[in-house]
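The values are calculated or read from the model by the stated rules, or taken from the named source; none is laboratory data. Please read these numbers as outputs of a predicted model, since none were measured by experiment. Methodologically, a virtual Cβ is constructed for each residue, glycine included, from the backbone with ideal geometry; neighbour enumeration extends over all protein chains shown.
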Amino acid sequence: MAEALGAPPVTRHVPYKVAKVVAFALECVGHVFGLRKPPMITRYSVWLMGRRCFFSAEKARRELNWQPTVTYEQGIPMTVQWFLETERGVGDGADMIASRGPAPVEGRVSRGMRDAGERIPAHAGRRSGQGQAR
């Protein structure tokens, strides 16, 4: 991620318990002084950064015959670029989607379903009332 951002790699380490205590102290300072801006480090952010989280695509490969179309080496820089452009309001990421080929008309579908000619309606999976004008 650092490489994709053009930043130097992270080389320092802060013990989890130390980071959590510092975050708690910063939260307390914010509450005591009534600061509207949240602290730079919170207990929640420490929890997010301190946990190990891995997801396997093995079940999707096995049961759906799914194959990735983007490697991690390609996906991380693409994601960083999308995030930075979205944060600046430059784009909505459509240019990156367009560079990967045509998107399905009605919704997202896997390559296997696209080849079979099936489509998932754009409203599939939404709860009642979501995404509808009121």
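Tabulated data for the structure shown
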{"item": "Those residues of region 1-21 which are farther than 14 Å from Gly50 by Cα and outside any loop (DSSP other than H, G, I, E, B), in sequence order", "result": "Ala2, Glu3, Ala4, Leu5"}
{"item": "Qualifying residue in region 58-81 (condition: outside any helix (DSSP H, G or I), in the same structural domain as Gly6 (by TED's automatic domain parsing) and farther than 26 Å from Met1 by Cα)", "result": "no"}
{"item": "Test: residue in region 24-37 that is under 23 Å from the mean Cα position of the chain (by Cα) and modelled with pLDDT under 95", "result": "no"}
{"item": "Pick from region 47-78, criterion surrounded by 11 or more Cβ atoms within 10 Å (Cβ to Cβ) and of a type in the set (A, V, I, L, M), ranking: farthest from His13 (Cα to Cα)", "result": "Leu64"}
{"item": "Residue match in region 102-111 (condition: outside any loop (DSSP other than H, G, I, E, B) and modelled with pLDDT under 90)", "result": "yes"}
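One line per residue, one yes/no per condition, for (1) more than 28 Å from Glu85 (Cβ to Cβ); (2) touching a Pro at 6+ places or on another chain (Cβ under 8 Å):
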site: Ala7; (1), (2): no, no
site: Leu26; (1), (2): yes, yes
site: Phe33; (1), (2): yes, no
site: Ile41; (1), (2): no, no
site: Ser45; (1), (2): no, no
site: Arg52; (1), (2): yes, no
site: Trp66; (1), (2): no, no
